[in-house]
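A.B. asks: Quick one: the structure is below, questions incoming.
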Amino acid sequence: MIRFIAFDLGNLLFRVDHGPAWQQTRAHTLLGEEELFRRFYGSGDMIECLMGSLDDHVFFGRLAQELEYTGGVDQLIGIWQGVFAPIPERLALLAELERDYEIGVISNISRFQSDHLERQFPWLQQYRSVTYSWRCGYLKPRPEIFVRSLECSGHEPGQCLFIDDQQRHVEAAEALGWHGLHVALEDDLRASLRQALQQNSIA
């Protein structure tokens with residue numbers, strides 16, 4: 001029987017929209033869009049930031065230089081903090097599920113973004129098992145991040161359900177004995193979850 005449900009954050013509970021951040025960043029550099037994109041994603045610094053091995057300010061300081069950004073580092077951080085927007089109906093479902101299940105989070109996320117989200121949504125801090133990639137040093141789909149979540153939750157894999165918008169992350173959890181559910185941004189999370197629980201007789 002399922003006792004613990006862990007959710008991804010980006011494009012599952014919060015819509016991720018980089019568009020406005022790109023526009024604001026481009027307003028402070030003479031680089032073209034293609035070159036800006038290449039430099040933004042071209043180094044391994046972002047992965048290190050997501051894994052917690054590179055300080056946020058160091059990351060953005062390097063990024064500002066690489067992008068020939070004319071604004072300040074704190075300004076650049078502020079621009080990229082705002083890429084997460086809550087999906088109200090999914091957050092409402094989360095609140096309902098709390099009555100019957102322990103809820104947790106497993107997310108590939110940098111510290112500056114998780115800190116920003118927790119300031120906006122303090123309820124994220126109330127869960128016993130909140131597993132951020134920057135905090136544990138591993139990214140999904142690495143098994144270690146799911147093991148860390150299990151350790152924090154105190155449950156066995158067969159008692160756990162992981163929900164993510166990326167199929168390979170769901171499959172990684174299933175390989176460790178979890179129940180898994182892939183839900184895309186455009187899917188009906190409530191209906192998909194209800195069906196999964198019924199089909200697997202784990203409600």
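A.B. asks: Suppose every K and R has +1 on its Cβ and every D and E has -1 on its Cβ; what is the size of the dipole of region 18-81 about the Cα centre, in Debye to the nearest 20?
C.D. replies: Working: 4 positive and 10 negative charges, 23 e Å.
In debye, rounded to 20, region 18-81 gives about 120.
A.B. asks: Mind checking the angle between helix 189-199 and the chain's longest principal axis? C-alpha axes, 0 to 90 degrees, to the nearest 10.
C.D. replies: 30
A.B. asks: Out of L54, G71, S43, whose Cα points farthest toward the positive end of the dipole of region 18-81 (charges: +1 Lys, Arg; -1 Asp, Glu; placed on Cβ)?
C.D. replies: G71
A.B. asks: Thinking of the chain as a set of Cα atoms, what percent of all their pairs are more than 23 Å apart? It would help to have the intermediate numbers written out before the result.
C.D. replies: Values: 9620 of 20503 pairs.
Counting pairs separated by more than 23 Å, the tail of P(r) holds 47 percent.
A.B. asks: Give me the percent of DSSP beta bridges within the chain that run antiparallel, rounded to the nearest 5. Let's see the in-between values first.
C.D. replies: Details: 3 of 19 bridges.
Bridges in the chain that DSSP calls antiparallel: roughly 15 percent.
A.B. asks: Also, quick follow-up: Gap in Å between the Cα centre of region 20-57 and the Cα centre of region 78-132?
C.D. replies: A separation of 23 Å, based on Cα centres.
A.B. asks: Then there's this: Can you order the peptides 19-25, 74-80 by their average number of other Cβ atoms within 10 Å per residue, highest first?
C.D. replies: Values: 19-25: 14.3, 74-80: 17.1.
Per-residue mean Cβ counts within 10 Å order the peptides as 74-80, 19-25.
A.B. asks: Let me ask something else about it. In what sequence do E186, E144 fall when counting other Cβ within 10 Å, fewest first? Could you put the intermediate results ahead of the total?
C.D. replies: Values: E186 7, E144 13.
If I rank by nearby Cβ atoms, fewest first, I get E186, E144.
A.B. asks: Between D115 and E171, with labels modelled 7 Å along Cα→Cβ, what's the label distance in nm to one decimal, could you check?
C.D. replies: For D115 paired with E171, the spin-label model returns 3.6 nm.
A.B. asks: Between helix 56-66 and the chain, what is the angle of the helix's C-alpha long axis to the longest principal axis, kept within 0 to 90° and rounded to the nearest 10?
C.D. replies: Compared with the principal axis, the helix lies near 40 degrees.
A.B. asks: In square nanometres, what is the average projected area of the Cα convex hull of region 18-81? Walk me through the intermediate numbers first.
C.D. replies: Values: hull surface 15.4 nm².
Orientation-averaged projected area of the Cα hull: 3.8 nm².
A.B. asks: Nothing charged except the Cβ atoms of Lys and Arg (+1) and of Asp and Glu (-1): what's the magnitude of the dipole of the chain about its Cα centre? Round to the nearest 20 debye. Walk me through the intermediate numbers first.
C.D. replies: On the way: 18 positive and 29 negative charges, 56 e Å.
That gives a dipole near 280 debye.
Just so you know, all these numbers are worked out from the coordinates, no wet-lab data involved. All values reported here derive from a predicted model rather than from experimental measurement. As a convention, Cβ positions derive from the backbone with ideal geometry for all residues, glycine included, and neighbour counts pool all protein chains shown.
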